[in-house]
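The structure appears right after this line, and notes come after that.
The values are calculated or read from the model by the stated rules, or taken from the named source; none is laboratory data. From a predicted model like this one, the values you see are computed outputs, not experimental measurements. Cβ placement follows ideal geometry from the backbone for every residue including glycine, while neighbour counts extend to all protein chains displayed.
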Amino acid sequence: MGIKSFQGARKQQNTTETVTIKVSDFMTRDLITFKPEQTVEEVIQTLIKNKISGGPVVNDNNELIGVISEGDCLKQISESRYYNMPMEQHTVENRMAKNVETIDGNMNVFDAANKFLESKIRRFPIVENGKLVGQISQKDILKAAIELKGQNWK
């Protein structure tokens, strides 16, 4: 009398199969962007209304030229008060960070996570052929990790 298995037939599990997850799979494509000629006051209103902490600055050709954040706006408010100057005359171009680090959309999500940890930056724009195509945030990386838990990661 042979030994019978109560498990029945099992599908052969392929332990070498891994999933490569790219930044472009989880980046935000529908972005709120700013123009260099906008006022800092307009930016503040947009940040509050949309519950965001900053955004990319693009020219008329949708080319990334900078990033403006809550911190940039706070500096403006502080300096306006200190120098007793009205805020309306200050534009995004004067306040934005111009030296912007970007991430390649083909980068692995976990490499991107390391880049976030090393840089202390909260979001990276993604540029293709000189044009802004999306943005990846720390929160997007966290969403990717939760969505893909239980799979082998590469």
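Total residues in region 26-84 satisfying the condition of being β-branched (Val, Ile, Thr), out of contact with any strand residue (DSSP E or B) (no Cβ under 8 Å at 6 or more places or on another chain) and buried (at least 16 other Cβ atoms within 10 Å of the Cβ): the figure is 1. The test for being modelled with pLDDT of 85 or more, more than 18 Å from Ile21 (Cα to Cα) and surrounded by fewer than 12 Cβ atoms within 10 Å (Cβ to Cβ) holds for Lys98. Within region 106-137, the set of residues being part of a strand (DSSP E or B) and among the polar types (S, T, N, Q) comprises Asn108, Gln135, Ser137. Scanning region 1-50 for residues that are among the aromatic types (Phe, Trp, Tyr) and either under 24 Å from Ile126 (Cα atoms) or modelled with pLDDT of 95 or more (or both) gives Phe26, Phe34. Annotation note: Cβ proximity below 7 Å between a residue of region 54-71 that is over 9 Å from Leu132 (Cα atoms) and a residue that is of a type in the set (Asp, Glu) and surrounded by fewer than 20 Cβ atoms within 10 Å (Cβ to Cβ) (sequence gap 6+ or interchain) occurs for Gly54/Glu70. Only residues in region 121-132 that are within 15 Å of Lys98 (Cα to Cα) count as the first member; pair them with residues that are among the basic types (Lys, Arg) and exposed (fewer than 13 other Cβ atoms within 10 Å of the Cβ), Cβ under 8 angstrom, at least 6 apart or cross-chain, and list the lot. No pair meets every condition.
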